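For reference, the structure discussed in these notes is given below.
Readers should treat all values here as calculations from the given coordinates under stated rules, not as data from a laboratory. Since the structure is predicted, the reported quantities are computational estimates derived from the model, not experimental observations. Glycine also receives a Cβ, built like all others from the backbone with ideal geometry; neighbour counts cover every protein chain displayed.
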Amino acid sequence: MHFARRDDAYVLYLASREARDTVRVVSRVGRRLPAHLTALGQALLAELTTAEVDAILPAELTALTPHTVTDRTALHAELARTRDRGWALEREQGTPGVSCLSAPVHYRIPATDAISCSMPVASASEQEVARVAKAVVSHTTALASTLRRHGIR
């Protein structure tokens, strides 16, 4: 799982927790990635209006993989789907073989932070995505409630 904050057209990774059986040895903490190609970024961009998104993003959207959405119209359609369901899903846009699901932490308006969960793309069946989405949304809702209760805005 990752916790990140939108930093203009990027997401900045603030915390990570790897699964117990993960072999990754490089931390993402401190890494900045373009918001349009991560589930974290898409969840946070979906909090903005189309005009706000266009004002933040560069004219040309960078691709990290062949699956990265670089067409602005396609990106806006994906952000609309994200708004409708309350969470973002990307498949291999930032990293080949990896799918990621993210939801915003609604303690600020618009949300500036999000939590995500990555999984192998082969494991991202419709049923598994629904299960992970329910868990991630539950955790972001609980975190937002805790932060608001403690006066953090």
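Quick notes
- Residues satisfying the stated conditions in the stretch 24-62, i.e. aliphatic (A, V, I, L, M) and over 20 Å from T82 (Cα atoms): V25, V26, V29, A59
- Sub-6 Å Cβ pairs linking a first residue in the stretch 82-109 that is free of Cβ contacts under 8 Å to residues at least 24 places away in the same chain and over 14 Å from V137 (Cα atoms) to a second residue that is surrounded by 19 or more Cβ atoms within 10 Å (Cβ to Cβ) and among the small types (G, A, S), at least 6 apart or interchain, are V98/S118, ordered by first then second residue.
- Among the residues of the stretch 66-104, those that are surrounded by fewer than 21 Cβ atoms within 10 Å (Cβ to Cβ) and among the polar types (S, T, N, Q) comprise T68, T70, T73, T95.
- Looking at R72, R108, R81, just one residue is basic (K, R) and within 19 Å of A133 (Cα to Cα), and that residue is R81.
- In the stretch 64-89, the residues that are over 16 Å from the mean Cα position of the chain (by Cα) and among the hydrophobic types (A, V, I, L, M, F, W, C): A74
- All positions within the stretch 105-124 that are surrounded by fewer than 20 Cβ atoms within 10 Å (Cβ to Cβ) and either closer than 14 Å to T82 by Cα or among the charged types (D, E, K, R) (or both): R108
- Only listed residue being touching a residue at least 40 places away in the same chain (Cβ under 8 Å) and either of a type outside the set (S, T, Y) or farther than 18 Å from C100 by Cβ (or both), chosen from L45, L37, L12, L75: L37
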